[in-house]
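First comes the structure, then the notes that go with it.
The values are calculated or read from the model by the stated rules, or taken from the named source; none is laboratory data. This structure is a prediction, so every number in the text was calculated from the model and none was measured. Heads up, the Cβs are rebuilt from the backbone with ideal geometry, glycines too, and the neighbour counts pull from every protein chain shown. Heads up: the accessible areas ignore ligands, DNA and RNA and are worked out on the full protein's heavy atoms, side chains in. Shrake-Rupley method; radii C 1.70, N 1.55, O 1.52, S 1.80 Å.
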Amino acid sequence: MDRSATRSVLDMLPTLILGLSLALVGWLVFSVVLVELADTVTDDSSAYSSDEQQCSSESVQMLFGQQVGKEVLLVAKLLSGVSSVRVLSMPGRDLSYVPDRLNLEVNEQSRIVAAFCG
């Protein structure tokens, strides 16, 4: 490598470091916000309020096959317009009905296989 190429790389180094630092800070802020929002997702009916909203289980079909996690639950909650999300690993059991709750059925690998409101 000749001197001019080496000098060019060294001249770009501070800009590269600054860019990577800003990207890292942005990613960290986004992660903290996402985790804070995900903490509002509950898996029981205790967060149910009497202000009924429309539940739309069709809008979460794009999540079928995804592994359940805080981020996926948050996306499901936002897409369906509900106040709570419940994860079910045993379909067919007797369930309480809450109109403003999304129920996600998962398989043995914790991947979403079905969704319904109630």
Q. From the set of residues in region 57-106 that are among the charged types (D, E, K, R) and outside any helix (DSSP H, G or I), which is most open to solvent (accessible area, probe 1.4 Å)?
A. Asp94
Q. Among the numbered criteria (1) open to solvent by 80 Å² or more (accessible area, probe 1.4 Å); (2) at pLDDT 75 or above, which single criterion is violated by Ser21?
A. (1)
**Q.** Close pairs (6 angstrom Cβ cut-off, 6 or more residues apart or separate chains): of a type in the set (Ser, Thr, Tyr) in region 97-118, modelled with pLDDT under 90 anywhere
**A.** Tyr97/Gly118
